[in-house]
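Chemist: Handing you this structure, nothing more for now.
Derivation of every value follows stated rules applied to the coordinates shown; laboratory data play no part. Because the structure is predicted, anything quoted here is derived from the model rather than measured. As a convention, Cβ positions derive from the backbone with ideal geometry for all residues, glycine included, and neighbour counts pool all protein chains shown.
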Amino acid sequence: MDNVIDTARGTTLGKGGVKIYTVEHVLASLRGMGVDNVLIDIDVEETPIMDGSGKFFVEAIHKADIVEQNAPRNYLVIEEPISYSNEFLGIELRIEPCDSFQVDVKVKYNTKVLDEQNASLHDLKRENVYVSNGSDDILNFAFMAFSEDGAVFPSLTYSFYPVFCDLHGVDYRTVDLNDDFTVPVERLKDTGRLTVLANPNAPTGVALPLKEVETIIAANPDHVVVIDEAYVDFGGQSAAGLIHKYDNLLVVMTYSKSRSMAGARLGFALAGRGIIQDLEKIKYSTNPYNVNRLTLKLGEAAVDSDDYFRKNAAEIVETRTRVTEELRALGFTVPESKANFVFIKRDGLDGGDLYRKLKDRGILIRHFSDPRIADWNRVTIGAPEEMTAFLAQVNTILKEEGLL
């Protein structure tokens, strides 16, 4: 047989049409090489992960022994374009006739379905959505891309922000919270640098009203403002509706809290097209395959079950309200929380002691070594019966300490 693939150059398949197996055979060989969870699009211009003269495609065929000189009957002469798509696997393939195998192959993970679902949930377009490997991955990219003038965030907030700054050599400063743990909005105006705000905040659970969040965004028009909304589904107000109004706004969300998918590592960002493109450039320059197909399918199913997860979040809020009221009745200070936890302090009771005494009783809460909040504890809201057991043990400890 004269017209076979030149394995050295991967170009010549002979005049009159490209000769390969059927499209199904090609896809089977690609899946066998571990590239089944990708979109292969030969016609549409995308950010190229691999390009050139079709070498990747030819090598895939060759390694799977699809080209056999002694079996010409198994070849398909392509005289018209052939298209193949598999929505479940996220595969789209199109092969055009050509005299030689000069094809640019673009490979990317197909997040299209999840992009469109998230866009629909927030009344946005697909171009306004970026899906990644958890919200931490997006935050890392944000500090990498938008902090050339430095960064600023509250001094008491998500502990990863200064870690990202140290990693990327970012000059950062912090702003102290008010005595009631609210964010001092005036001190986050015209910062001249990347501004990052967790809303609701951690570990306090305190949230800024949307009007005040917008004030911060509007006051920093020349720099990106990141609103980290990991806990927003438990009573906060999302800034996603402001994206059409402000091209410097980046809203970061996660599937790890209200959608109970922490182990799956899935998050997404909402922003204007310019910011989304910047995030995509970093992704395609580092690890374009950072979300696996199974996680994407789970994410799609979670969005399809949005009513269930909203109902579950509402039940957590209801339990949080009961726990807050009962703790206050026991003499605890409990700021108004809009997260799936409460931040608590009891005069006369050391926060570390409360943590250890509850741990000895089989109940885990969080205690922080930071001197500013050493008397405070963060308590995650669990099932109603779990919180009843927690309150009963707290009551017992207070009596043992002579505080009741």
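Chemist: Just name the residue that is farthest from Leu250 (Cα to Cα) out of those in the stretch 110-132 that are in a strand (DSSP E or B) and not hydrophobic (A, V, I, L, M, F, W, C).
Modeler: Filtering first and then ranking leaves Ser132.
Chemist: What's the total number of residues in the stretch 357-392 that are outside any loop (DSSP other than H, G, I, E, B), in contact (Cβ under 8 Å) with a residue 24 or more places away in the chain, out of contact with any helix residue (DSSP H, G or I) (no Cβ under 6 Å at 6 or more places or on another chain) and of a type outside the set (A, V, I, L, M)?
Modeler: Qualifying residue count for the region: 5.
Chemist: Checking Thr254 against (1) hydroxyl-bearing (Ser, Thr, Tyr); (2) crowded, with 20+ Cβ neighbours inside 10 Å; (3) in contact with a Lys or Arg (Cβ under 9 Å, 6 or more places away or on another chain), which single condition isn't satisfied?
Modeler: Condition not satisfied by Thr254: (3).
Chemist: If I filter the stretch 177-195 down to residues being touching a Leu at 6+ places or on another chain (Cβ under 8 Å) and in contact (Cβ under 8 Å) with a residue 12 or more places away in the chain, which single residue comes out as surrounded by the most Cβ atoms within 10 Å (Cβ to Cβ)?
Modeler: Taking the stretch 177-195 as the starting set, the residues that turn out to be touching a Leu at 6+ places or on another chain (Cβ under 8 Å) are 177, 181-185, 188, 195.
Next, only the ones that are in contact (Cβ under 8 Å) with a residue 12 or more places away in the chain stay: 177, 181-183, 185, 188, 195.
Working: Leu177: 18, Phe181: 18, Thr182: 17, Val183: 26, Val185: 18, Leu188: 24, Thr195: 24.
Ranking the qualifying residues of the stretch 177-195, first place goes to Val183.
Chemist: Still on this structure, I have one more. Restricting attention to the stretch 354-387, which residues are loosely packed, with under 14 Cβ neighbours inside 10 Å and either of a type in the set (Ser, Thr, Tyr) or under 17 Å from Leu330 (Cα atoms) (or both)?
Modeler: Once the filter is applied, which keeps residues that are loosely packed, with under 14 Cβ neighbours inside 10 Å and either of a type in the set (Ser, Thr, Tyr) or under 17 Å from Leu330 (Cα atoms) (or both), the stretch 354-387 yields only Ser369.
Chemist: May I pose another question? Give the stretch 133-147 a look and list any residue that's in a helix (DSSP H, G or I), surrounded by fewer than 21 Cβ atoms within 10 Å (Cβ to Cβ) and in contact with a Leu (Cβ under 9 Å, 6 or more places away or on another chain), or say none.
Modeler: Listed by number, the residues that qualify are Asn140, Met144, Ala145.
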